[in-house]
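The values are calculated or read from the model by the stated rules, or taken from the named source; none is laboratory data. Predicted, not measured: the structure shown is a model, and the values here were computed from it. Here the Cβ positions follow ideal geometry from the backbone for every residue, glycine too, while neighbour counts run over all protein chains shown.
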Amino acid sequence: MKDFNIYNPTKIVFGWGVIERCGIEAAKLGKKSLIVTGKSSTKKTGVLDKVIALLKNAGVEAVVYSGVTPNPKTDETDEAANLGRKENCDFVIGLGGGSAMDAAKGAAVVLKSGGNLWDYVWLPSKKAKQINDAAPIMLIPTLAATGSEGNPSAVFTNKQTKQKAAIYNPDKIYPRVSIVDPSLTVTVPAKQTAEGIIDIIMHVLEEYLTGETECDLQDRITEGIILTCIENAEKAINEPGDKKARTNISLASTVALQGLPNSGRAGEWVVHPIEHAVTGIYDNIAHGSGIAAILPAYLRFLFDKKPDRIKQLSMRIFGADEYAEEGELMEVCAKGFEDFISSMGLANNLKDAGVEKSMLPMIADKLIEVSGIPGIIGNKEKLTFILKSAYGE
Ligand code: NZQ
Ligand code: ZN
């Protein structure tokens, strides 16, 4: 296990109905808020009006930016920041899924540090402007998926270049407080619920697969998060109002990226950067759907590189017999995730997810431009092999 520091300053207010506390918590951050939210869901479900009313009761004004689209674009974030500046907002509230929460983080940066959001994104070909300051951030997730509510990352798409890239800044963009109320997720449709579940799983699986292995506690935390997701998936999808399922999945989402599960691993993220290259090009594909379409092929690619990790997953997640023949044992893991993904109604390959075969070279190029080829993949030939396998060839 590698040495590590954990410093996570975000106050998490967690529980069914805790949305009622958002006004009191917001009043500790400022007098006038910029609420950054998506185009329709928070209006339809009534949660936007509810939050505005709770803020008002606590003496906090609200200005609303409701132009965030899934896989949020840098220009939406710039627009939100300009509105916040014009209205003299002193803090930012992200209300919605990961897209709205990430856009809120970006707006908080641009509001205080100036410029445009894309200036702060680092690429191998471009330096990033330093984030000097950011407005205080409060997040209210309405969808369990990204864990943005407890981490200092945010992901954006540049429409012009079709590059999707992240900002990461533990000094400036940890939310001060996040109100994680699983009751806000009961309106999430089945497909988005499933996409969120596979995303949560991937947040702990990335470094479990590639990082340090002598991390018994982190292994068990990771496996616990994966099993919690698998065991509650059917209920959350088929009985969307189920309190137990929604609560457990919301907690899994927040905990997955809060620090401890991936501590001491120093592992490499592989499926996420590939997926970001996919959705940077295909704005109509959701992040979780992209993850689901790449994961089974990636697991099979790891059979000869990380056999012990794969076998452990086969046994501990899917109950495989440890005395089975090695190839058979590893296939239990790949097939297990493949079946789980389709049982939730998602595509388990790129073709069924809507990617055209002719776009595979461009996906490879965008990955190389934004983050480079992951070390465990090694070279462009092997990257092409994984993409073709994920496509279904
Ligand atoms: O856009 P609106 O109208 O709000 O509707 C959304 C959207 O259509 C809808 N929705 C959200 N809450 C709902 C709801 N519908 C009904 N009831 C509710 N309670 O769901 C759709 C998807 O929302 P979105 O925010 O795009 O989904 P998600 O939470 O999966 O976020 C995805 C984005 O986060 C990034 C992804 O790359 C993607 O851009 N990620 C952010 C991370 C982070 N900050 O740490 C880590 C992740 O790995 C990920 O990369
Ligand atoms: Zn993710």
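Checking the structure you have, find out if any residue of the stretch 318-326 is modelled with pLDDT of 95 or more, out of contact with any Pro (no Cβ under 8 Å at 6 or more places or on another chain) and among the hydroxyl-bearing types (S, T, Y). No, every residue in the stretch 318-326 fails to be modelled with pLDDT of 95 or more, out of contact with any Pro (no Cβ under 8 Å at 6 or more places or on another chain) and among the hydroxyl-bearing types (S, T, Y). In the stretch 196-246, how many residues are within 24 Å of P273 (Cα to Cα) and small (G, A, S)? Within the stretch 196-246, residues that are within 24 Å of P273 (Cα to Cα) and small (G, A, S) number 2.
Report, by residue number, each residue of the stretch 110-145 that is in contact with a strand residue (DSSP E or B) (Cβ under 8 Å, 6 or more places away or on another chain), closer than 26 Å to G17 by Cα and crowded, with 21+ Cβ neighbours inside 10 Å. Quick ask: steps written out before the conclusion?
Of the residues in the stretch 110-145, the ones in contact with a strand residue (DSSP E or B) (Cβ under 8 Å, 6 or more places away or on another chain) are 111, 117-118, 120-123, 128, 131, 135-143.
Cutting the leftovers down to closer than 26 Å to G17 by Cα gives us 136-143.
Across the stretch 110-145, the qualifying residues are I137, M138, L139, I140, P141, T142, L143.
Which of the residues belonging to the stretch 203-237 are closer than 21 Å to I12 by Cβ, touching an Asp or Glu at 6+ places or on another chain (Cβ under 9 Å) and within 13 Å of ligand 2 (Cβ to nearest atom)? Of everything in the stretch 203-237, just one residue is closer than 21 Å to I12 by Cβ, touching an Asp or Glu at 6+ places or on another chain (Cβ under 9 Å) and within 13 Å of ligand 2 (Cβ to nearest atom), namely V204. Taking the numbered list (1) more than 16 Å from ligand 2 (Cβ to nearest atom); (2) over 20 Å from H276 (Cα atoms) in turn, P141 passes all entries but (1).
Pairs are defined by a Cβ separation below 9 Å, a sequence spacing of at least 6 or placement on different chains, a first member in the stretch 33-57 that is free of Cβ contacts under 8 Å to residues at least 12 places away in the same chain, and a second member that is within 16 Å of ligand 1 (Cβ to nearest atom) and of a type in the set (D, E, K, R); the pairs so defined are D49/K43. Apart from one condition, A154 fits all of (1) buried (at least 24 other Cβ atoms within 10 Å of the Cβ); (2) under 25 Å from W118 (Cβ atoms); (3) more than 14 Å from ligand 2 (Cβ to nearest atom); the exception is (3). Given the structure, is Y120 under 30 Å from A236 (Cβ atoms), away from ligand 2 (no atom under 16 Å from the Cβ) and aromatic (F, W, Y)? Against the criterion (under 30 Å from A236 (Cβ atoms), away from ligand 2 (no atom under 16 Å from the Cβ) and aromatic (F, W, Y)), Y120 does not qualify. So G378 passes all but one of these: (1) part of a helix (DSSP H, G or I); (2) free of Cβ contacts under 8 Å to residues at least 60 places away in the same chain; (3) farther than 30 Å from I230 by Cα. Which condition number does it fail? Here G378 meets the rest and fails (1).
Taking the numbered list (1) out of contact with any helix residue (DSSP H, G or I) (no Cβ under 7 Å at 6 or more places or on another chain); (2) within 11 Å of ligand 2 (Cβ to nearest atom); (3) among the aliphatic types (A, V, I, L, M) in turn, A286 passes all entries but (1). Only one of the numbered conditions (1) in contact (Cβ under 8 Å) with a residue 40 or more places away in the chain; (2) out of contact with any Phe, Trp or Tyr (no Cβ under 8 Å at 6 or more places or on another chain); (3) away from ligand 2 (no atom under 16 Å from the Cβ); (4) not β-branched (V, I, T) is violated by S183, and that is (2). Could you grab me the full set of residues in the stretch 161-192 that are more than 12 Å from ligand 1 (Cβ to nearest atom) and hydrophobic (A, V, I, L, M, F, W, C)? Across the stretch 161-192, the qualifying residues are V177, I179, V180. Pairs are defined by a Cβ separation below 7 Å, a sequence spacing of at least 6 or placement on different chains, a first member in the stretch 198-224 that is within 25 Å of H287 (Cβ to Cβ) and β-branched (V, I, T), and a second member that is more than 16 Å from ligand 1 (Cβ to nearest atom) and not in a helix (DSSP H, G or I); the pairs so defined are T210/I376. Being crowded, with 24+ Cβ neighbours inside 10 Å, under 30 Å from P307 (Cα atoms) and within 16 Å of ligand 2 (Cβ to nearest atom), is that true of even one residue in the stretch 162-176? Checked the stretch 162-176: no residue is crowded, with 24+ Cβ neighbours inside 10 Å, under 30 Å from P307 (Cα atoms) and within 16 Å of ligand 2 (Cβ to nearest atom). Among the residues of the stretch 47-91, those that are closer than 11 Å to I35 by Cβ and touching an Asp or Glu at 6+ places or on another chain (Cβ under 8 Å) comprise L55, V63, Y65, V68. Residue count for the stretch 193-225, restricted to those that are polar (S, T, N, Q) and either touching a strand residue (DSSP E or B) at 6+ places or on another chain (Cβ under 9 Å) or more than 16 Å from ligand 1 (Cβ to nearest atom) (or both): 2.
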